[in-house]
Amino acid sequence: MATALPLVRAPELEGVGWVNVPDPLSLAALRGRVVILHFWTLSCVNCLHVVEELRELEIAFPEELTVVGVHSPKFPHEADHEAVRRAVARHRVNHPVIDDPEMRTWAQYAVRAWPTLVVVDPAGYVVGAVAGEGHVDALSEAVERLVAEAEEKGTLRRGDLDLWGPPPGEQALRFPGKVASDGGERVVIADTGRDRVLVCDLDGRVLGEHRLLEQPQGVRFDGDHVLVCESTGDQVWRVGPDDSRTLVADGIASPWDLAHDGDRLVICEAGRHRLWVVDAFGARAVAGTAAEGLRDGPAADALLAQPSGITALPGPAGVAFLDAEASALRVLRNEHVDTLLGQGLFDWGTADGDRVSARLQHPLGVAAAPDGTLFVADTFNGLLRVWRDGRLETMPVAGLLEPGGLDVLPDGRLVVADTGNHRIVIVDPASARSTELVIHGASGEPSLGAGPGELAVGDGPGEL
């Protein structure tokens with residue numbers, strides 16, 4: 001482990017509620033097992049990487065290790081318990097999670113960064129802590145050593161922990177993340193929660209279905225093919241109507257969206273705060289240094305903060321993109337990054353106005369109209385926003401919940417991925433009226449992965 005700490009009894013866990021277990025847990029009740037506390041927040045892509053890394057440990061030590069997520073919010077929206085419950089289901093977190101909106105447990109453990117992992121030994125003492133991702137090997141060695149020591153002392157308590165979560169529901173879509181138009185009568189939908197991509201007409205009839213894609217996010221048409229970002233597979237694919245697949249880019253950490261920019265493809269690498277380009281010369285990073293921040297300038301020196309939405313700008317070249325963690329709307333033109341709206345990593349809000357006064361909260365989707373107007377899915381505010389002539393306005397569309405993506409249809413209407421409501425809606429910007437695009441004709445097979453309601457350890461509420 002990166003940090004060896006003095007022998008300190010692990011403080012008890014404090015919060016307002018639990019997810020994935022029927023009753024609150026305590027460290028005292030978990031005595032005899034190794035416990036890893038994962039301090040995370042649902043907006044942080046690095047935290048989501050750690051969720052995936054911890055799956056390896058949970059599989060390797062099913063009877064000796066308990067992982068407990070300690071959700072510690074950054075954004076106001078993340079302090080809502082239902083938002084935490086949705087995130088646990090959306091990201092298939094299969095261990096207990098305590099919701100700590102007041103960050104009391106965070107303070108007790110003197111945590112300073114997302115993500116942070118704290119190891120508690122079977123006797124209930126803190127024996128190590130590490131920040132960031134990529135520590136699974138060191139954690140595995142620590143757990144193995146602690147298990148062996150406790151077994152030798154006769155203090156190890158093996159056994160499964162019963163988990164329980166709500167059923168996944170029967171809706172046609174599950175947490176659809178992104179949607180794009182072909183400029184005609186078709187849309188492509190990233191049905192993220194079911195690991196598939198659907199091509200539909202504007203009546204909702206499924207024309208094509210592509211499965212076994214790991215939590216797809218960004219999607220675009222490329223002629224009769226579709227381009228797909230596998231957000232947990234770290235790959236971008238070109239998928240044909242016959243489901244043939246060609247690898248476009250590999251090793252991109254959490255690709256979240258993509259857009260054509262002339263003859264090249266620009267990809268949001270949310271996991272390393274960069275933009276990539278794929279063109280005739282190959283694939284390469286063109287914007288961002290891999291450090292997180294909000295700094296304009298030459299693209300290679302600019303600082304980005306989890307770019308998660310992107311759209312081509314009208315005209316010869318350029319893209320607009322969203323830095324979700326900085327709640328910022330930015331542009332890349334001629335290998336230069338400029339910020340249109342956004343003040344920094346800890347500035348957010350709902351205010352309309354000019355670039356100085358207006359605010360967003362963790363936006364994930366952006367689409368450009370032919371006249372240059374930019375429509376923004378302001379995800380954590382549950383709003384659609386309009387950037388026009390240097391001012392941000394709110395479109396009064398009711399009923400959206402964590403919208404993650406959108407595009408402009410040929411007639412000027414918007415097609416929106418209403419992610420938290422598991423649906424796609426069509427919005428008329430003139431009237432702000434929305435209509436659900438009811439999907440029919442898709443198969444109902446299970447996804448690649450499973451949330452707690454789909455892969456429960458036990459059949460329902462249970463005891464430790």
Note to self: Can you find, within segment 410-464, the residue that is modelled with the lowest pLDDT among those that are in a loop (DSSP other than H, G, I, E, B) and hydroxyl-bearing (Ser, Thr, Tyr)?
What the structure shows: SER447
Item checked: Hey, VAL118 in a strand (DSSP E or B), buried (at least 16 other Cβ atoms within 10 Å of the Cβ) and within 28 Å of the chain's Cα centre (by Cα) or not -> yes
Next item on the list: Could you grab me the full set of residues in segment 310-333 that are farther than 20 Å from VAL408 by Cα and not aliphatic (A, V, I, L, M)?
Entry: ASP323, GLU325, SER327, ARG333
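Residues checked against (1) farther than 28 Å from PRO314 by Cβ; (2) touching a helix residue (DSSP H, G or I) at 6+ places or on another chain (Cβ under 9 Å); (3) in contact (Cβ under 8 Å) with a residue 40 or more places away in the chain:
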position: VAL179; (1), (2), (3): no, no, yes
position: ARG186; (1), (2), (3): no, no, no
position: ARG194; (1), (2), (3): yes, no, yes
position: VAL199; (1), (2), (3): no, no, no
position: LEU212; (1), (2), (3): yes, no, yes
position: ASP222; (1), (2), (3): no, no, no
Checklist line | Residue check for GLY382: under 21 Å from GLU78 (Cβ atoms), touching a strand residue (DSSP E or B) at 6+ places or on another chain (Cβ under 8 Å) and either touching a residue at least 12 places away in the same chain (Cβ under 8 Å) or buried (at least 24 other Cβ atoms within 10 Å of the Cβ) (or both) | finding: no
Next item on the list: Have a look at VAL376, VAL415, VAL397 and point out the one that is buried (at least 24 other Cβ atoms within 10 Å of the Cβ) and either within 25 Å of the chain's Cα centre (by Cα) or closer than 26 Å to ARG205 by Cα (or both).
Entry: VAL376
Next item on the list: Could you check ASP182 against (1) charged (D, E, K, R); (2) more than 22 Å from ILE310 (Cβ to Cβ); (3) assigned by TED's automatic domain parsing to the domain that holds CYS268 and say which number it fails?
Entry: (2)
Notebook entry, point to check: Since VAL277 meets every condition but one in (1) without any contact (Cβ under 8 Å) to a residue 24 or more places away in the chain; (2) surrounded by fewer than 16 Cβ atoms within 10 Å (Cβ to Cβ), which condition does it not meet?
Noted result: (2)
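Is it true that some residue in segment 39-52 is of a type outside the set (Lys, Arg) and more than 24 Å from GLU214 (Cβ to Cβ)?
So far as segment 39-52 goes, yes, one or more of its residues are of a type outside the set (Lys, Arg) and more than 24 Å from GLU214 (Cβ to Cβ).
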Notebook entry, point to check: What residue, of ALA320, ALA290, ALA283, is among the hydrophobic types (A, V, I, L, M, F, W, C) and assigned to a loop (DSSP other than H, G, I, E, B)?
Noted result: ALA290
Item checked: Count of segment 233-261 residues which are surrounded by fewer than 19 Cβ atoms within 10 Å (Cβ to Cβ) and either assigned by TED's automatic domain parsing to the domain that holds ASN46 or closer than 25 Å to ARG333 by Cβ (or both) -> 2
Check: Does VAL228 meet the test of being free of Cβ contacts under 8 Å to residues at least 40 places away in the same chain, surrounded by 15 or more Cβ atoms within 10 Å (Cβ to Cβ) and closer than 16 Å to GLY441 by Cα?
Finding: no
Margin query: If I filter segment 284-291 for residues that are at pLDDT 95 or above, more than 22 Å from ALA180 (Cβ to Cβ) and crowded, with 21+ Cβ neighbours inside 10 Å, do I get at least one hit?
Written below: yes
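The values are calculated or read from the model by the stated rules, or taken from the named source; none is laboratory data. Everything quoted here is computed from the prediction, not taken from an experiment. FYI the Cβ positions are ideal-geometry reconstructions off the backbone, even for glycines, and counts take in every protein chain you see.
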